[in-house]
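Some notes on the structure that comes next.
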Amino acid sequence: MQVNSVLVIRVLFILLLAGCAWYLRPFDLPEYYAAAVGLAFGIAIVIFEIQVRKTTLKRLFGAAFGSLLGIIGAYLISLIVGRAIPGNSSTIAFVQLLLLLWMGYVGLAVGASKGEMLNLGALGGLFGGEQTSSQSFKILDTSVIIDGRIADIVETGFLDGTLVIPQFVLRELQLVADSADSLKRNRGRRGLDVLQRVQKMTQLNIQILEDDFPNVPEVDMKLIELAKVYNCKIVTNDFNLNKVAQLHGVEVLNINELANALKPVVLPGEIMRVFILKEGKEYNQGVAYLDDGTMVVVDNAKKLISRTIDIAVTSVLQTTAGKMIFGRFDERVHAVHDKGHSDRHGSGQRDQSSGSHTAEPRGSGVGAS
């Protein structure tokens with residue numbers, strides 16, 4: 001509804017400007033030509049307004065301040081040029097106009113590009129609520145875009161501020177998407193799809209930075225240098241980038257650490273029910289996996305592959321690369337559990353006292369469910 005209202009206002013503005021030009025006839029043009037000129041100016045102004053709406057308040061202030069400095073500088077230089085260059089007035093007027101446009105444009109472009117470094121909150125008053133600093137910036141690296149979980153995190157609303165996508169990351173992502181290797185090509189295209197999905201979300205502001213560091217060949221080091229310039233954080237799931245960034249004093253948001261933090265806490269001594277999927281690397285070991293993909297290594301479980309058993313947790317190994325749970329299969333615990341289960345389902349199973357026999361009906365029952 002709001003979009004339709006804005007569209008109506010824009011159309012009315014263009015028609016109003018065309019009507020004014022038709023009535024006033026600027027440049028002594030015929031009525032229809034004057035209306036066409038007014039219509040063209042109206043469309044150009046609306047296009048400019050659409051582009052301005054996409055920029056932040058800091059960039060607008062930076063652009064205005066930069067253009068003001070450029071105009072002042074051009075005026076001072078024009079005074080010198082007017083006295084120093086002899087000749088006709090048309091040449092001097094052209095040089096002065098050239099200086100005005102040149103310095104005004106350069107000031108506008110440079111001020112807009114550096115406007116995000118302004119701290120409007122320090123001005124107080126109307127800008128006291130503008131507390132967004134570069135700390136709210138979060139730079140995405142290539143690996144976290146291809147991973148795809150960042151889109152789910154954004155959708156839940158746990159991230160705020162501005163997501164920054166450097167241009168060199170987009171170039172790397174495009175190179176991956178254009179790779180001759182089908183696996184890399186699919187990963188690159190997945191990353192581009194994730195970016196399109198994130199851009200459609202209204203919770204965050206998405207910005208693409210043109211800043212680059214030609215003297216730095218590696219993308220990871222470019223990310224670190226960019227984070228230093230804007231004093232912001234890097235969002236990644238790259239273990240090596242995480243470590244290198246910490247050595248450079250750059251804050252990192254590792255989504256693998258977030259995923260590990262959200263996993264259920266398992267303490268040594270607890271009883272877990274797992275499905276033994278395959279044989280482990282060590283003697284008499286079995287391997288199981290939890291629903292979230294966590295690996296569970298179980299001692300004394302080699303003979304129970306494709307069975308659901310109870311284990312006692314012995315230790316938990318958790319790192320930024322993931323988490324592993326180590327446990328031991330205890331026939332006595334398993335037998336006690338099966339005995340209680342069989343008591344509830346009839347006396348016909350009470351004579352099954354062996355651990356291997358009691359695990360068999362329960363394992364098949366859980367597998368079927």
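The values are calculated or read from the model by the stated rules, or taken from the named source; none is laboratory data. Since the structure is predicted, the reported quantities are computational estimates derived from the model, not experimental observations. Positions of Cβ are backbone-derived with ideal geometry, glycine not excepted, and every protein chain shown enters the neighbour counts.
Condition (residue is modelled with pLDDT under 85 and either assigned to a helix (DSSP H, G or I) or farther than 22 Å from Leu204 by Cβ (or both)) applied to the stretch 136-145: is it met by at least one residue? Yes: one or more hits. Screening the candidates Leu100, Leu39, Leu108 for the property of being assigned by TED's automatic domain parsing to the domain that holds Cys20 and in contact (Cβ under 8 Å) with a residue 12 or more places away in the chain yields one hit, Leu39. Take Asn300 and decide whether it is of a type outside the set (Ser, Thr, Tyr) and in the same structural domain as Val316 (by TED's automatic domain parsing). Here the answer is yes, as Asn300 does meet what is asked.
Return yes or no: is Leu24 within 30 Å of Gln199 (Cα to Cα), exposed (fewer than 15 other Cβ atoms within 10 Å of the Cβ) and in contact with a helix residue (DSSP H, G or I) (Cβ under 9 Å, 6 or more places away or on another chain)? When the stated conditions are applied, Leu24 does not pass them.
Restricting attention to the stretch 273-290, the residues that are closer than 18 Å to Glu331 by Cβ and among the aromatic types (Phe, Trp, Tyr) total 2. Scanning the stretch 268-309 for residues that are within 12 Å of Met324 (Cα to Cα) and under 36 Å from the mean Cα position of the chain (by Cα) gives Val287, Ala288, Tyr289, Leu290, Asp292, Gly293, Thr294, Met295, Val296, Val297. Of all residues in the stretch 150-177, those being of a type in the set (A, V, I, L, M), more than 13 Å from Val198 (Cβ to Cβ) and either assigned to a strand (DSSP E or B) or not assigned by TED's automatic domain parsing to the domain that holds Leu204 (or both) number 0. Exactly one residue among Thr236, Thr162 is closer than 23 Å to Glu251 by Cα, surrounded by fewer than 20 Cβ atoms within 10 Å (Cβ to Cβ) and touching a residue at least 40 places away in the same chain (Cβ under 8 Å), and that residue is Thr162. For Val216, the stated conditions do not hold, so it cannot be described as within 22 Å of Lys138 (Cβ to Cβ) and either surrounded by 17 or more Cβ atoms within 10 Å (Cβ to Cβ) or not assigned by TED's automatic domain parsing to the domain that holds Thr236 (or both). Going residue by residue through the stretch 182-198, is there one that turns out to be touching a strand residue (DSSP E or B) at 6+ places or on another chain (Cβ under 6 Å) and either free of Cβ contacts under 8 Å to residues at least 60 places away in the same chain or buried (at least 16 other Cβ atoms within 10 Å of the Cβ) (or both)? No, the stretch 182-198 has no match at all. Considering the stretch 266-284, and only residues there that are without any contact (Cβ under 8 Å) to a residue 60 or more places away in the chain and over 16 Å from Ala312 (Cβ atoms), the residue that is surrounded by the most Cβ atoms within 10 Å (Cβ to Cβ) turns out to be Gly280.
The listed residues are Thr91, Thr56, and the only one of them that is modelled with pLDDT under 80 and either assigned by TED's automatic domain parsing to the domain that holds Leu204 or touching a strand residue (DSSP E or B) at 6+ places or on another chain (Cβ under 8 Å) (or both) turns out to be Thr56. Set side by side, the residues Ile255, Ile309 differ, and just one is outside the structural domain of Leu140 (by TED's automatic domain parsing) and at pLDDT 80 or above, which is Ile309.
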